[in-house]
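The values are calculated or read from the model by the stated rules, or taken from the named source; none is laboratory data. Everything numeric here is computed off the predicted structure, so don't read it as measured data. We place every Cβ from the backbone using ideal geometry, glycine too, and count neighbours over all the protein chains shown. Calculation scope for accessible area: heavy atoms of the full protein, side chains included, ligands and nucleic acids excluded. Shrake-Rupley method; radii C 1.70, N 1.55, O 1.52, S 1.80 Å.
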Amino acid sequence: FSQDDVLPSIGLIYEPIEEVTLRGSYSETVARQTFKELTPVQQQEYLGGDVFIGNPDLGMSALENYDLRVDYVPYQGSLLSVSWFDKQVDDPIEYVQRVDPSNFTTAVNYPEGKLSGYELEARQNLGRFWESLTPFAVGANATFLESEVDLPADESQAFSSLGFPMTSRDMTLAPEHLYNLFVTYDLASTGTQVGLFYTVQGDTLVAGAGE
């Protein structure tokens, strides 16, 4: 597989006051197929798990990305941030279920898709409150997502013939939300950081209905 792309990008940074930084960017990127998604053999992650068969005709996806972010740093070691993003996707890679010759999941390109949302983030170095805790920092972030892909014409017609008219659905593998809590420890003498993370993932469509 070979493909040439021109991928422009531009970013702007503005600091209206010392504690606040505004960032904005536009970029074009691609999403490559994985080896699993391309390999046309039966695959199971574990015994009894869902069967996945790759699609050797699967193409790459092209994305237009828009990002805005506001960072507030009241003092060193503290951060409050809010960001918004929007992605327009051509030929998104979607996981769908097939029933011929038996039930399995595969990857296909859908016509178009979009993914947008916003993120809230906070980080705090604990040395601000107790000097002995200077190597430690705590933080949290929350991401809220909305996604949609347009169904291919044949799939849309198939659903309509069954009495379920639909032209779009949620994007696969895009959760409704993500919550993260973390604690980090920095060992300055060796440049090492150790972290403990806890993540909660919202409802996620693993594979869409197919023909």
Within region 56-77, restricting to residues that are over 18 Å from LEU120 (Cβ atoms) and of a type in the set (Asp, Glu), the one that is least open to solvent (accessible area, probe 1.4 Å) is GLU64
Grab the strands (runs of 3 or more DSSP E) fully contained in region 77-134, keeping just those with 3 or more residues being closer than 18 Å to THR204 by Cα and touching a Gly at 6+ places or on another chain (Cβ under 7 Å). 93-98
Within region 30-37, identify whether any single residue is among the aliphatic types (A, V, I, L, M), touching a helix residue (DSSP H, G or I) at 6+ places or on another chain (Cβ under 6 Å) and modelled with pLDDT of 95 or more, and answer yes or no. no
Inspect region 156-179 for any residue being outside any loop (DSSP other than H, G, I, E, B), modelled with pLDDT of 95 or more, more than 21 Å from PHE85 (Cβ to Cβ) and not β-branched (Val, Ile, Thr) and give the result as yes or no. no
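Might you let me know whether region 89-104 holds any residue that is more than 19 Å from THR172 (Cβ to Cβ) and open to solvent by less than 90 Å² (accessible area, probe 1.4 Å)?
Scanning region 89-104, I find at least one residue that is more than 19 Å from THR172 (Cβ to Cβ) and open to solvent by less than 90 Å² (accessible area, probe 1.4 Å), so the answer is yes.
Hey, can you tell me all the residues within region 39-59 that are among the hydrophobic types (A, V, I, L, M, F, W, C) and either part of a strand (DSSP E or B) or touching a residue at least 24 places away in the same chain (Cβ under 8 Å) (or both)?
Those that are among the hydrophobic types (A, V, I, L, M, F, W, C) and either part of a strand (DSSP E or B) or touching a residue at least 24 places away in the same chain (Cβ under 8 Å) (or both): VAL51, PHE52, ILE53, LEU58.
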Here's a check for you: in region 186-203, which residue that is farther than 23 Å from LEU115 by Cβ and hydroxyl-bearing (Ser, Thr, Tyr) is least open to solvent (accessible area, probe 1.4 Å)? THR192
Please pick out the residue among TYR26, TYR14 that is modelled with pLDDT of 95 or more, under 21 Å from TYR118 (Cα atoms), assigned to a strand (DSSP E or B) and within 19 Å of the chain's Cα centre (by Cα). TYR26
Sort through PHE85, PHE52 and tell me the only one that's modelled with pLDDT under 95, open to solvent by less than 60 Å² (accessible area, probe 1.4 Å), at negative phi and out of contact with any Pro (no Cβ under 8 Å at 6 or more places or on another chain). PHE52
Sort out which residues of region 152-174 are surrounded by 16 or more Cβ atoms within 10 Å (Cβ to Cβ) and closer than 29 Å to PHE197 by Cβ, and write them in order of number. ASP170, MET171, THR172, ALA174
Looking across region 3-26 at residues that are in contact (Cβ under 8 Å) with a residue 40 or more places away in the chain and among the polar types (S, T, N, Q), the single one that is least open to solvent (accessible area, probe 1.4 Å) is THR21
Going through region 136-146 in order, the residues found to be aliphatic (A, V, I, L, M) and buried (at least 16 other Cβ atoms within 10 Å of the Cβ) are ALA137, LEU145
Please indicate, with yes or no, whether at least one residue in region 33-43 is open to solvent by less than 60 Å² (accessible area, probe 1.4 Å), of a type in the set (Lys, Arg) and touching a Phe, Trp or Tyr at 6+ places or on another chain (Cβ under 9 Å). no
Listed residues VAL183, VAL206, VAL149; which is open to solvent by less than 100 Å² (accessible area, probe 1.4 Å), touching a residue at least 40 places away in the same chain (Cβ under 8 Å) and assigned to a loop (DSSP other than H, G, I, E, B)? VAL206
